[in-house]
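Have a look at the structure below before the remarks.
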Amino acid sequence: SEDAEYEALTVENLIPRLGQVSAVTDRVGGDPAGWSVTEVGDGNLNLVFIVTGPDGAVIVKQALPYVRLVGDSWPLPLYRAFYEFHALTRQATRDPGSVPEIYHFDEVQALIVMEYLSPHVILRTKLIAGEQVAGLGQRLGEFCARTAFRGSELCMKSAEKKADLALFSGSVEIPAITEALIFRDPYFAAEMNHHTKGLDPVVAHLRSDVAMKEQVQHLFRTFSAKAETMCHGDLHSGSAMCTDTQTRVIDPEFVFYGPMGFDLGMLVANYLMAYFSQPAHRSADSLNAYQEWILQVIIETVDTFMAEFKALWAAERTGMLYDRSQFEDQGHSSDNARDALLDEIWSDALGFCGIEMHRRILSLAHNADFEAIDDVAIRAPLEARNLMMGRDLILRRDMVADVRRLSDIARQFN
Ligand code: ADP
Ligand code: MG
Ligand code: MG
Ligand code: MG
């Protein structure tokens, strides 16, 4: 119950504990004794259950007091469920329909009851299987643009933005994971690192590249200093669920106030990792077409981001930054200022993209795109391409004029 001390849910205790919660009973229906409870969590951190009854199903997600991937030797605060809940409610407002509907939040139990997305499948699973999702790039490009713009002082009242900045700055340990696993560990022999046999020469090459490591630190400072919008914080292809025609975003527990290009960069990196891993997943006759489809998704995502950001700039610039009093009200265009800002977002996004392409191969948490390739003799060279393109983006992010140039670079490294 709500008053009890925190206790982890199990398949056995979920019904006794949630069988009276109206947010659950209203949607699942019938006698709780007859509900079916299945554990589906496949993430690194949390418990996730599907509860099904005669009227429907709900998802119950509960934080664990440690990192599930590692075990109870790595404690992690339960309060992350609080931040995930607040991130979901903001994303639902800023981009309606983008995230699962929230039915119930229990802070003590670190537990969220939400809409069961069905028949949605994790995007990464679809990308490994070679399936297409219509409208994918458009949906996620809109999500990135709307959350970036509407969570910033381009749009929000300053008092409200500052209150949210303060709220989310209470989340310390979770961004610390990003800081360590993404920005630091790939670039030295950190204890939890691991990489595929055969990559040692490439890893040595990257770690000896001081110019690149300087750029990583500049990007790390950008990550830390540009607290300008509420980022999802973990927008990889395991945080999108899709049907053939619909895409939703889940799992914003890594929420933080950061740079407007962060989520876009993470997302593009995950598309690119899907791209580079394809030779191990497709037969020769379908490989090229599917890889080209992934590049089209990247183009659609970024084109949509830019177009949506411009539309919001025109229609919803209601915050203190780049205020109309400085431009339009005096008969001046703000287009140059807008385009310079978008160039900066794009450059940051490419830098974060390159770093994400490194950490998924070198740091603790790898991704199934590569991990599912059993034969290391096949996996290592594909990972090497991905690592080398990541390096290129970190070093030359200001020279990649647009997303079409980015897709050309991917073809060159492939
Ligand atoms: P974690 O924070 O541990 O990564 P996620 O929120 O990503 O947890 O959820 C883990 C898995 O549970 C997802 O990969 C997905 O398979 C399933 N899942 C989570 N939320 C939903 C949902 N709303 N509808 C359907 N399945 C979900
Ligand atoms: Mg997840
Ligand atoms: Mg998560
Ligand atoms: Mg690996």
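The values are calculated or read from the model by the stated rules, or taken from the named source; none is laboratory data. What you see is a predicted model, and the numbers here were worked out from it, not measured in a lab. Glycine also receives a Cβ, built like all others from the backbone with ideal geometry; neighbour counts cover every protein chain displayed.
Some notes on this structure:
- Qualifying residues in segment 278-308 (those that are small (Gly, Ala, Ser) and assigned to a helix (DSSP H, G or I)) - the one nearest to LEU154 (Cα to Cα): ALA307
- Breaking point among (1) hydroxyl-bearing (Ser, Thr, Tyr); (2) within 30 Å of ARG317 (Cβ to Cβ); (3) surrounded by fewer than 20 Cβ atoms within 10 Å (Cβ to Cβ), for TYR83: (3)
- Near pairs, Cβ below 6 angstrom, 6+ apart or cross-chain, from segment 366-383 (more than 17 Å from VAL203 (Cα to Cα)) to any residue that is not aliphatic (A, V, I, L, M): ASN367/ARG360; ALA368/ARG124; ASP369/SER277; ILE373/ARG379
- Count of residues meeting criterion [near ligand 1 (Cβ under 8 Å from one of its atoms) and in contact (Cβ under 8 Å) with a residue 24 or more places away in the chain] in segment 48-62: 3
- Scanning segment 228-263 for residues that are away from ligand 1 (no atom under 16 Å from the Cβ), out of contact with any Leu (no Cβ under 6 Å at 6 or more places or on another chain) and under 25 Å from LEU321 (Cβ atoms) returns GLU228, THR229, MET230, GLY258, PRO259, MET260, GLY261, PHE262.
- Qualifying residues in segment 316-332 (those that are without any contact (Cβ under 8 Å) to a residue 24 or more places away in the chain and among the acidic types (Asp, Glu)) - the one surrounded by the fewest Cβ atoms within 10 Å (Cβ to Cβ): ASP329
- The requirement of being of a type in the set (Ser, Thr, Tyr), at pLDDT 95 or above, more than 28 Å from HIS195 (Cβ to Cβ) and buried (at least 17 other Cβ atoms within 10 Å of the Cβ) is fulfilled somewhere in segment 333-341, by at least one residue.
- Any hit, segment 353-365, residues being among the polar types (S, T, N, Q) and within 16 Å of ligand 4 (Cβ to nearest atom): yes
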